[in-house]
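Notes follow once the structure below has been shown.
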Amino acid sequence: MSVAAARSPQGAATADQEARTGRKTWLLRGLLVLGICLAAYLIYRTLHRYSFDDIVAAVAAIPGSNLARAGGFAAASYLCLTGFDWLGLRYVGRNLSYPRAALASFTSLSLGHNIGFAGVSSGAIRYRFYARWGLSTGEVAKLVLFCGVTVGLGLLTLGAAALVLKPEVAMRLTGFDALPVRLLGLACVGLVATYLGLAWIGGTVTVRGFSLDMPKPTLALAQVAIGAVNFACVAACLHALVAAVGEASYFDVAGAYVTGNVTALLSHVPGGLGVIETAVMYLLPGRDLIGALIAFRVTYFFVPLAIGLVVFGLSELVFRRSGPPPAAPAQERR
């Protein structure tokens, strides 16, 4: 019977789908390995001039007040990220409570930031939470897409501010004059304005076969605001540490961070490992930033990762003991 099924059209289609899934899985694994190799190379290029004692001394030289400020901004960023999920639930028509959104968001992103392919890895963890609370696979996919768009809007907004108000960093990187850099910043503003305009019109936007149901204008405005505040907090976390070892304006650091973060997102390097450090050291030359950059990675990535692993493990124990999730109550649907 299994042989006949395999030879039937339905069996052949199933086998073909499994083969495509297998190829996609190996492709993702290959890209992840390449990303890790790139991260290792960038870390070596960044750190090879320093001994272990030099690195320890550089981190220890950062004042406690700067570390505390950096920790506060990192916490504020993760608080903003919980807002991404809370808004995303409204976008898909679910009114789950904020504590549930915060649990799923923090756990998925504290792990996803460090695993790499954040959209895929954090999406898989989000699914484990939201499926138990009654969301379908399609609804979780829409929520993850909504959060990804919010990330893009935040980067565009902060990037526009850095390019228009402080173009010198981008000028050093690109070799362009101030006018083209500022025009690029205005183009970022135009993209955000276009998104808001499409949200006002409503409907579905399709680009190269990729479709997006536009959110309500109020949700779109909230996306832009919370996305920008999130990245402003991350840049402030980095600035608090860089400022401890040398003079650098907030917008210098923000411009360097945006550049490094865009590169990290495109390369899918786990946590931007090595990419952000290289961009910051290249765009802010003449400063010994190694201690500040290591402290930033520990503050924004490794500490949340440690907390997220504990929270994820405890949540798995709680969910398993509570058994299968009940059906979503009617009041949780819009």
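Structure notes:
- Calculated FRET efficiency, Phe319 to Asp177, Cβ-Cβ distance, R0 = 45 Å: about 0.20 to the nearest 0.05.
- With R₀ fixed at 35 Å, the C-beta to C-beta distance from Ala193 to Ala141 puts the FRET efficiency at about 0.85.
- When peptides 227-236, 214-223 are sorted by average Cβ neighbour count within 10 Å, with the highest value leading, the order is 227-236, 214-223.
- Point-to-point label distance, Ala68-Leu219, nm (Cα→Cβ direction, 7 Å offset): 4.1
Where a number appears in this text, it was derived from the coordinates with a stated rule and is not lab data. Computed from a predicted structure; not experimentally measured. Virtual Cβ from ideal backbone geometry, glycine too; neighbours counted across all protein chains shown.
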